[in-house]
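Right, one structure below, let's go through it.
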Amino acid sequence: MKIYKDKSRGKSYFYYFGWTIIAFFGLFFLLFFLIFQNVYKIKPYQKIDFFWAAYGLKDRFYQQEILKEYEDDGLLEINMYDYPFNDPKLYDYYQAYGENSDFVILSEGDLVSMQEVIKDKFMALNDLLIDCPTINNYETFVYEELSYGVKLFDKNNDEYNHQHHYLEHVEFTAQGQESFSYYLLVNQNSVNFDKENNHVFGYLALEYFLSINERQTD
């Protein structure tokens, strides 16, 4: 009889306080998870994002090379968001990934159509020349006397394209499709161009990206 009463008391206790115990442990594990995520989650200034709107990447050469170059300095991740420029959902992809990418590669037609908002979305290259002098080796897209895009591919100049070698890793043309010139632009809101807080992977990645093909072919 005594054992039965003890069991009954235990059941009664769990009946009244069980959900409180479960909630307590649930909150404990949730708090632990949030702390763990905050400590180990990759921060925006520890990664570099590219948004490509061409015909596709042939390989992940740039992703691998840039990460390998700067991982010892604290760069943890490189993302290449790659979508065909003529994909009917391209605008949706751009809103999802391009708006927050550090670098955006667009066709000249896209740039012409969005000229009115270029200076609000992208950084003038004139402000980057000190840290990224290799920009001077490229033609640029000029808007209101300022350069905003580094030309990676020229639809009318094969000599220019073979000089910079991006065709080795990127599909800028497709059979039966109209050709366009393509430019790389720097996101105005990128956190990786913040020298004051020592967030400088944007400068490093841009200079490395623009010079890597030249070094590979020296």
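The values are calculated or read from the model by the stated rules, or taken from the named source; none is laboratory data. Values in this document were obtained by computation on a predicted structure and should not be read as measured data. Don't worry about glycine lacking a Cβ; one is built from the backbone with ideal geometry, like all the others, and counts go over all protein chains shown. With ligands, DNA and RNA removed, areas are computed over all heavy atoms of the protein, side chains included. Shrake-Rupley method; radii C 1.70, N 1.55, O 1.52, S 1.80 Å.
Brief remarks follow.
- Top-ranked residue in segment 126-147 [being touching a residue at least 12 places away in the same chain (Cβ under 8 Å) and part of a loop (DSSP other than H, G, I, E, B); ranked as surrounded by the most Cβ atoms within 10 Å (Cβ to Cβ)]: 132
- Residue match in segment 106-121 (condition: closer than 16 Å to residue 202 by Cα, open to solvent by less than 30 Å² (accessible area, probe 1.4 Å) and of a type outside the set (S, T, N, Q)): no
- Filter result for residue 170 (hydrophobic (A, V, I, L, M, F, W, C), farther than 27 Å from residue 43 by Cβ, under 20 Å from the mean Cα position of the chain (by Cα) and crowded, with 20+ Cβ neighbours inside 10 Å): yes
- Residues in segment 148-167 that are open to solvent by 10 Å² or more (accessible area, probe 1.4 Å), in contact (Cβ under 8 Å) with a residue 24 or more places away in the chain and either farther than 20 Å from residue 113 by Cβ or part of a helix (DSSP H, G or I) (or both): 165 alone.
- Count - residues of segment 42-81 that are of a type in the set (Asp, Glu) and over 17 Å from residue 191 (Cα atoms): 5
- In segment 74-99, residue surrounded by the fewest Cβ atoms within 10 Å (Cβ to Cβ) [restricted to those that are out of contact with any helix residue (DSSP H, G or I) (no Cβ under 8 Å at 6 or more places or on another chain) and within 19 Å of residue 209 (Cβ to Cβ)]: 97
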